[in-house]
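Below: the structure, in structure tokens.
The values are calculated or read from the model by the stated rules, or taken from the named source; none is laboratory data. Source: prediction; values computed, not measured. Don't worry about glycine lacking a Cβ; one is built from the backbone with ideal geometry, like all the others, and counts go over all protein chains shown. The accessibility values were calculated without ligands, DNA or RNA, using every heavy atom of the protein model including side chains. Shrake-Rupley method; radii C 1.70, N 1.55, O 1.52, S 1.80 Å.
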Amino acid sequence: MIKRAITLSLLCSGLLSQVQAATAPSDAQWRNLNQTIVTRHVLPRYQNFADATAQMAASSEALCQDATAENLSAAQQSYHQAMDAWQGIQHVRFGPIENLMRSFSVQYWPDKKNLTGKHINGLLKKQDETSLTPEFFRNASIAVKGLPAVERLLFDKAGLPAFADNSYQCRLNASISQYLADLGKHTAMEWQDYATSFSSPGDGISYYDTDVEASTDLMKALVEPVEVIRDLKILRPLGTAAKDVNGKVKPRRSESWRSSRSLRNIEVNVATLHDLYSGQGEDSFKALLSAAGHQDLADSIEANFISVEKELQTIPAPMFSTLEQPITQQQFRDLSANMKTLQYALSDAVQLLDLQLGFNSRDGD
């Protein structure tokens with residue numbers, strides 16, 4: 001009885017010491033984290049998107065000037081680079097990218113009613129020259145001026161003949177690409193100004209009142225996208241096969257399936273979130289979580305990211321065709337489960353760091 005009491009006492013002492021060891025990050029720690037992430041993660045990625053869309057616009061224009069197989073391949077490759085860049089920054093949905101619905105203009109997806117297809121087909125049918133102007137795209141539907149529209153035009157089954165003789169289709173693609181280049185340029189420039197808000201919150205000029213408020217936006221950019229990837233990019237294409245091995249898959253619900261990069265998008269997304277979590281070393285969310293006394297959870301989340309990345313490497317591409325295979329379906333079901341584990345672990349981290357993420361932009365979807 002005495003031994004049992006001693007053991008219980010020691011156990012309680014150990015738990016108490018763990019609780020006491022856990023300390024909330026200071027304002028200075030939050031500010032240092034914010035500035036590091038914005039400088040090393042956010043700004044370079046928005047600049048990368050600006051550079052990639054500028055190259056896409058140049059390649060699209062070159063294709064119209066000389067419709068060769070080489071130039072079409074170059075234009076398609078520039079699209080892939082622009083989409084890589086977007087997938088690497090689309091998780092940061094606050095700040096200048098919110099202005100004028102820029103985020104949705106870049107990529108209106110999922111497009112459940114095929115609005116992009118309907119708008120593009122309508123423009124190709126009318127061949128109205130005024131629809132190629134910057135003024136038109138400033139007021140056009142978000143469904144017709146983003147990367148999904150470029151994908152439809154550049155990866156047309158008709159191939160090279162669709163772009164011959166400076167065709168309307170070619171010029172429409174060039175116009176959309178130029179719109180995206182302008183959007184990317186202005187967003188990157190505006191982020192340079194917005195970034196100063198993370199240095200002096202509460203000064204009457206900053207967009208934030210406190211360091212914690214600024215950190216909350218960055219933490220949202222880490223946590224919420226995990227759910228988006230799982231629900232929209234994995235489970236949605238799986239269809240009823242997500243829960244039933246005899247269910248029916250929906251390959252056309254895959255993101256960017258026309259350019260055969262659905263799986264690539266997920267890979268870039270996960271690698272990006274992993275970088276946001278621990279890519280800044282001593283100035284990362286992982287380091288802050290460890291410093292706050294939650295080393296085990298910090299290491300567990302890191303292991304979760306590594307596990308998901310390794311699992312993605314084993315899934316055959318393109319997702320559009322391999323999704324029909326039962327083995328691949330099981331791989332995606334397993335991936336979905338691992339993403340859910342990662343989502344829960346990150347949610348636990350948020351609570352332990354005493355952050356309140358508040359409204360989820362996906363609530364009510």
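Before moving on, here are some points about what is shown:
- The angle separating the long axis of helix 115-126 from the principal Cα axis of greatest extent in the chain is about 20 degrees.
- Annotation: peptides 201-212, 314-325, ranked by per-residue average of other Cβ atoms within 10 Å with the highest first, follow the order 314-325, 201-212.
- Rounded to whole Å, the principal axis extents of the Cα atoms in the stretch 263-365 read 45, 33, 19, largest first.
- If the convex hull is drawn through the Cα atoms of the chain, its volume per residue in Å³: 164 Å³
- Protein heavy-atom surface of the chain, 1.4 angstrom probe: 52% of the accessible area is carbon and sulfur, with nucleic acids and ligands not counted.
- More than 23 angstrom apart: percent of Cα pairs within the stretch 77-171: 28 percent
- The modelled label-to-label distance between D66 and E135, using points 7 Å beyond Cα along the C-beta direction, is 3.4 nm.
- Most to least packed among 78-87, 340-349 [average Cβ atoms within 10 Å]: 78-87, 340-349
- Both radii are taken from the alpha-carbon atoms of the stretch 114-273; with Rh as the Kirkwood radius, Rg/Rh is 1.07.
- Helix 326-352 vs. the chain, principal-axis angle (Cα, 0 to 90°, nearest 10): 50 degrees
- Environment charge at R333 (Cβ cut-off 15 Å; Lys +1, Arg +1, Asp -1, Glu -1): +2
- Backbone phi angles across the stretch 26-37, fed through the Karplus curve with coefficients 6.51, -1.76 and 1.60 (θ = phi - 60°), yield HN-Hα couplings of 7, 4, 5, 5, 5, 5, 4, 4, 4, 5, 5, 5 Hz in residue order; Gly and Pro are listed as x.
- Ordering of 214-226, 292-304 by packing [mean C-beta count within 10 Å, highest first]: 214-226, 292-304
- Under the Karplus curve 6.51 cos²θ - 1.76 cosθ + 1.60, θ = phi - 60°, whole-Hz ³J(HN,Hα) for the stretch 272-283, x wherever Gly or Pro sits: 5, 5, 4, 5, 5, 6, 9, x, 9, x, 5, 10
- Across the stretch 185-202, coupling constants 3J(HN,Hα) worked out from phi with the 6.51/-1.76/1.60 Karplus curve, θ = phi - 60°, read 4, 5, 5, 5, 5, 5, 5, 4, 6, 4, 4, 5, 5, 7, 8, 9, x, x Hz, and Gly and Pro carry x.
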